[in-house]
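Following: one structure in structure tokens, then a few remarks.
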Amino acid sequence: MLFAQVEKTFWAEGSGSSALWLKILMAVVVGFGLTFAMLKLPARGRRTLVVGITFLAGLYWVLYYLWPQPLPGRLANGSPLPHGQPRDLVESVGFWIKDAQPVVSDFANILSSFLLGLGVFSIIRIHGRKLFRRQPDWGFSAVLFLAMIAMVIVGYVNYYQTRYTPGSSKLELPSNWGSWQFANDLLFNGLLQQMDAAMFSVIAFYILSAAYRAFRIRSVEATILLSTALIVIFSLMGIVAYEWNNAVAHIPGATTGGIAGNFSLTEIYKWINQNVQTPAIRGIDFGVGIGALAMGLRLWLSLERGGASAA
Amino acid sequence: MATPDPTTPKSLGEKLQSLPRGILYLILVICTSVPLFFNIPVPNEPTQAAKDLFNALNSLPAGSTVLVGSDWTVSTRGETGGEFDALIRILMRKGIKFAVYTTADPQAPEVARDEIVMLSEDEKKHGGKGVERWNDWVSLGFFPNAEATANLIAADPTKAFGSKKDVKPDGTLGSALSSPVLKDIKTLTDFKMLILVTGTQTSTVTIERLSGKGLPLGMMVTGVMGPETAVYYDSRQLNGLCAGLKGVYDMETLMDGTFKGQVNFGRGKLYYPTLHFALALLIVAVIVGNVGMMISRKGKA
């Protein structure tokens, strides 16, 4: 029996049941045990393990896309396929790959979640050292810790109250909020989100400054680039597009299929978009895709001499 | 190499090329903030891509379910926030159920939830029905790995969303799959459409994994992402596209033509004049710099 075809998985326990919590605890213990064992392995053994797991993980996705997928429903003679019975080895493997996808995707999501833990650990390590050793600018680290702790406490209490307490659905509306919801709103919407938006809006200043200082018509190429940019900018300005198109529409023949109709701003932008912009982006994307494929192959086969594979 | 004497007065050309940064920034602040205080009507002709997206949404049958990818936060709210508002208002008015998921940013689910609640209350205030969580929409939360999640949604949405829970009207938690929104969803094509509102590269991930599988796709992206996403609209992998602030205003303009007498205009109409002033300033700044360069060259010749 294939692992991925198991109907009831090891984890299929009732939500919040003690059996599930026990299994989660066991998994954490086993996980820490494996991590500790890996740390104790000699560097060569560790590398072999990492290379092996990387190859297997990559192999799954290669097979997922390239292995023939099982045909649903019918045998070669047209009769219905017996439930769960593959016709040959190729189809058996095809079924296995298909069935394993939820498990592999869960692994991918869980591993990606570890990045958050890694980030928190890294922040605590770097800024904790700075704070306790009173290194330059340690005050900023103190503010960071204060903000992080406040956000975590308020965030979790709010999360618990809005999901696990009686009448929690009412807490969606501000009129029913308690002090924790107001605190969460202040920290999340009032501070974090606004600072995020403020940081992003700074880009506008850089764009203006850079365009003013760097955009000079020094060559034919720069002139073409500037003219094209101007047309694209004008096409984004409704009032300019409206006036331009109106002016063109008054040229005899423009609205009845005459050549002048091609000079409306909408038509010029469409021509640039379809004949210059899109092909150029497709070309760039194609190059990026080939680069990503090459890099993916190098990572999959552990040919990159950096990171964990170099351990 | 000889360095210019700092005591030598600058020529007009040099002055025009080296306006103080602070002055430029001050003008930008004025140009972008003053129009917000005035209601300036701007004529607008929606793009074909926005029309296609609106028509696709408008033709969805009432009671059907769509999947909404919400990969935006407040940092791009001027564009994606307006797009999300327009999308949710259309879905509410058409009676279409929706499930919201996120693959880009852990902050995004809370931003989306708050926005939906606010929009629902606003619709009710203006005589609309609004939406009720669980019965009309569900929040599926955050998925840390966009690629794996998109693949799984394509293969089996019940597995992708099987572990997700949401709050019922009575305040208890229930499996999102048992909600009226998702109870009839068994395969990808049971969703009538997927609309992704994003300020990140999850657009590419979604198109790569979900296009060509029988599910109509619509994208609502930032202006910066517009050209690269338009490539997929041109190749007919997308059923419609709304890009940037112009896209928001396009959607609002189209809504105004369909949902008469309701609240149709929001961020698009409010911010579009600001975009005009900002772009005009950009053009003027580039012209000033180039005029300065030409004057300097003539002076040296």
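Worth a mention:
- Estimated dipole of the protein assembly as shown in Debye, rounded to 20 [Cβ of Lys and Arg +1, of Asp and Glu -1, Cα centre]: 1340 debye
- In this calculation the C-beta distance from residue A:27 to residue B:288 is compared with R0 = 51 Å, giving a FRET efficiency of 0.20.
- Between B:268, B:13, B:247, the residue with the greatest mean-square fluctuation in the GNM of chain B (Cα pairs under 10 Å linked by springs) is B:13.
- Nearest-20 debye value, segment B:99-202 charge dipole, Cβ charges on Lys, Arg, Asp, Glu: 300 debye
- Working note: Karplus 6.51/-1.76/1.60 with θ = phi - 60° gives segment A:13-25 the couplings 10, x, 4, x, 6, 5, 4, 5, 4, 5, 5, 5, 4 Hz, where Gly and Pro are set to x.
- Over chain A, volume per residue of the alpha carbon convex hull, in Å³: 356 Å³
- Remark: segment B:82-97, residue by residue, has Karplus-estimated 3J(HN,Hα) of x, 5, 4, 4, 4, 4, 5, 4, 4, 4, 4, 5, 8, x, 9, 7 Hz, where x stands for each Gly or Pro and the curve is 6.51 cos²θ - 1.76 cosθ + 1.60 at θ = phi - 60°.
- Between helix B:108-125 and chain B there is an angle of about 80 degrees, using the helix long axis and the longest principal axis of the Cα atoms.
- Size descriptor, Kirkwood hydrodynamic radius, that averages inverse alpha-carbon separations across segment A:127-226, Å: 17.8 Å
- Exposure proxy order (Cβ contacts within 10 Å, fewest to most) of B:242, B:31: B:31, B:242
- Extreme residue, positive dipole direction of chain B, given options B:205, B:19, B:173 (C-beta unit charges): B:19
- Computed extension length for residue A:48-residue A:129: 25.8 nm, one decimal, from 0.36 nm per residue of separation with the Cα-Cα distance subtracted.
- The calculated FRET efficiency for the pair residue A:144 and residue A:249, based on their C-beta separation and a Förster distance of 60 Å, comes to about 0.55.
- Note on residue B:10: lysines with a C-alpha under 18 Å away, same-chain residues under 8 apart excluded, are B:298, B:300.
- Size descriptors for segment A:216-290: radius of gyration and Dmax over Cα atoms are 15.2, 50 Å.
- The stretch between residue B:15 and residue B:62 holds 10.7 nm of extra length on full extension. This uses 0.36 nm per residue minus the Cα-Cα distance.
- If you run the Gaussian network model on chain A, springs between alpha carbon atoms under 10 Å, then out of A:14, A:296, A:117 the most flexible one is A:14.
- Cα long-axis angle, helix B:244-258 against chain B (0 to 90 degrees, to the nearest 10): 50 degrees
- Panel order for B:195, A:217, A:259, by other beta carbons found within 10 Å of each beta carbon, from fewest to most: A:259, A:217, B:195.
- Stokes-Einstein D in µm²/s, Kirkwood radius over Cα pairs - chain B at 4 °C with 1.567 mPa s viscosity: 61 µm²/s
- 16 Å cut-off, amide nitrogen to a point 7 angstrom out along residue A:229 Cα→Cβ, residues in segment B:222-243: B:224
- Stretched out straight at 0.36 nm per residue, the stretch from residue A:111 to residue A:216 would grow longer than its current Cα-Cα span by 33.0 nm.
- Calculated from backbone phi, Karplus (6.51, -1.76, 1.60) coupling profile of segment B:44-55 in Hz, x at Gly/Pro: 8, 10, x, 6, 5, 4, 5, 4, 4, 5, 5, 5
- Put in order of Cβ neighbour count within 10 Å, fewest first, the listed residues B:92, A:199 become A:199, B:92.
- For residue B:124, a cut-off of 29 angstrom between C-alpha atoms picks up these lysines, skipping any fewer than 8 places away in its own chain: A:170, B:51, B:94, B:97, B:164, B:165, B:168, B:183, B:192, B:246, B:260, B:269.
- Of all lysines in the structure, the ones whose alpha carbon falls short of 17 Å from that of residue A:98, not counting any fewer than 8 places away in one chain, are A:8, B:159, B:186, B:213.
- Helix-only arithmetic for the protein assembly as shown: the sum of -39500 (n - 2.57) across DSSP H runs with n ≥ 4, divided by the residue total, places the mean residue ellipticity at 222 nm at -19000 deg cm²/dmol.
Coordinate-derived values only; no laboratory data. Nothing here was measured: the structure is a model prediction, and the numbers come from that model. Neighbour counts are summed over all protein chains in view; Cβ atoms, including those assigned to glycine, are modelled from backbone coordinates with ideal geometry.
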